[in-house]
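Down below is the structure, laid out as structure tokens.
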Amino acid sequence: MNDLKKPKILLIADTDALLKIYMDQLSAYDVDITTLCSVKDLQKTLCEDAYNGIIIDLKTKLAAPREQRETAYEVLEQYPVLQSRIHPGSEKIQAIPFGKAKNEVSLKEFLTELCPHFSARKIRTSPRRIIHFNVLLSKSGDFDAETMERTFTINLSQGGCFIASSKKWSAGEQAAFVFKELSIHTPMVGEIRWHVPWGRSMAVPGIGIKFVDIEMAQLEELSEKYELGRPNP
């Protein structure tokens, strides 16, 4: 007996014509579909309702402004995601795995095997704001002049930040960093939650970090500066 609930899927495609092509083919599967026409409201939508998986049209994602794509990378890593395109000849959905769907899967496998076994979830995250700190970034924590990276933040949330970096990183690693504009320069430590490698499309390379070791005074100062930042578009 199958006790799995019907998967709830978020579909993102930027035109009515594209959405119709997708919906015509997805109607063959026993899934609930919610649609978005851009990645702009992706974070808000996932905060409001729980989903088992996401299908995102690749052209729609690449057409989004840089800041929206960076936020999308962080969010999408938390779900089974199928990046896809519509084949220009057959108009069939072509699947490109992403996020928690790391291995190559077909559309059928994604909808009938992967998503039903992934517990539907909402995301809980504070909105990111555009704040640029000058940053000393270190893998080892020793801040050796030859190995540390002099870089900057792209944005800041109440619990983390995105730091530009062209080095190789992996999710789960820890990084040490100093924000030059803070009054206390004790190194902070964060866990890398997601990574945009150098050379991936036109996105800024870097690391999405969750703060894990930070002094209370630093956290309070960051909270003050967070309120002064511009909202992420």
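Residues whose amide H lies under 5 Å from that of residue 131, counting only those 5 or more places away or on a different chain, are 155, 156; hydrogens are built 1.01 Å from N in the peptide plane. Once the Cα atoms are used to define both axes, helix 216-228 deviates from the longest principal axis of the chain by about 60 degrees. In region 1-89 the Cα-Cα distances spread across 10 Å bins starting at 0 as 16, 52, 27, 5, 0 percent of all pairs. Magnitude of the charge dipole for region 8-117, about its Cα centre and with charges confined to Cβ atoms of Lys, Arg (+1) and Asp, Glu (-1), is about 280 debye.
Highest-first packing order for the peptide set 168-180, 61-73, 140-152 is 61-73, 168-180, 140-152, based on the mean count of other beta carbon atoms within 10 Å. Residues 230, 128, ranked from the fewest to the most other C-beta atoms within 10 Å, line up as 230, 128. Ranking 145, 162, 185 by Cα position along the charge dipole of the chain, where only Lys, Arg, Asp and Glu carry charges on their C-beta atoms, puts 162 farthest toward the positive end.
With +1 on each Lys and Arg Cβ and -1 on each Asp and Glu Cβ, and nothing else charged, work out how big the dipole of the chain is about its Cα centre, in Debye to the nearest 20.
Taking the Cα centre of the chain as origin, the dipole is about 480 debye.
If you wrap region 82-188 in the convex hull of its Cα atoms and look at it from every side, the mean projected area works out to 10.3 nm².
Semi-axes of the equivalent ellipsoid of the chain are 36, 17, 17 Å, computed as sqrt(5λ) over the eigenvalues of the C-alpha gyration tensor in descending order.
Note on 51, 226: ascending count of other Cβ atoms within 10 Å places them as 226, 51, the fewest first. Sorted largest first, the principal axis extents computed over the alpha-carbon atoms of region 129-231 equal 34, 32, 22 Å.
Computed per residue of the chain from DSSP H runs no shorter than four, each worth -39500 (n - 2.57), the mean residue ellipticity at 222 nm is -6000 deg cm²/dmol.
Only the coordinates and a few stated rules stand behind these numbers; no lab work does. From a predicted model like this one, the values you see are computed outputs, not experimental measurements. Positions of Cβ are backbone-derived with ideal geometry, glycine not excepted, and every protein chain shown enters the neighbour counts.
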